[in-house]
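> Sharing a structure with you now.
Where a number appears in this text, it was derived from the coordinates with a stated rule and is not lab data. Please read these numbers as outputs of a predicted model, since none were measured by experiment.
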Amino acid sequence: MGTFGRTEIAVPRARLDGPDSQTTEWKSKTLRAYQRRTLAADALIASTYLAGTNTRRVRRALAALFGGAVGKDTVSRVWRKVKADWEAWIGRSLAEEPIVRLTLDGTVVRVRLDRKTTSISLLVVIGVRDDGQKVLLALKNMGGETTEAWRAVLDDLVNRGLCPPAFLIVDGASGLEKAIAAVWDDVPVTHPDWRSD
């Protein structure tokens, strides 16, 4: 099942002869074993749920697109997979990242937590590699932009192996400034002028 609706795909079965006269079963690299939905379909289901819609409403909202084939259990399974991927992403090593500068800021988003839609404050860290490519390094719900919250985010980056950047771009929040001073007191900090003329 994909974002374009239900489609039947026949996957052939075959055995491959190895160099040591052993045979192994051929496996498709395009389709995962027992895959029933495309990654885009799973992303659509998960994003609908994360936008604050409960599992029953996700099923109803996507019924026309998926021909009624998305049930409550499907939404729950997709969410568990997304959560596992998220936990692996937020814990990944940053030791090999050639980061030269960081942009740190807070933002507020609406999400679904404990079966209720609410607004949360997220702390965001975007790194810029030495080739100019931007990469999201951290996205944390810390309850606000306090010194303690920013310090926890910065300590996590350091613990994951991030080297001190050449400079930091921040919006001037006092909690962030104090956390930076405690972790990277010798890294230059710049405050862009966000005001428009």
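> At q = 0.12, 0.18, 0.22, 0.23 Å⁻¹, work out log10 I(q)/I(0) for segment 82-197 with the Debye formula, treating every Cα as an identical point scatterer and leaving solvent out; two decimals please.
-0.45, -0.98, -1.36, -1.44
> Aspartates and glutamates near residue 81 by alpha-carbon distance under 12 Å, same-chain residues fewer than 8 away left out - which ones?
42
> With N denoting the number of residues in segment 138-197, provide Rg(C-alpha) divided by 2.2 N^0.38 Å, to two decimal places. Kindly include the intermediate steps, with their values, before the conclusion.
Values: Rg = 12.0 Å, N = 60, 2.2 N^0.38 = 10.4 Å.
Compared with the compact-globule rule of thumb, segment 138-197 sits at 1.15.
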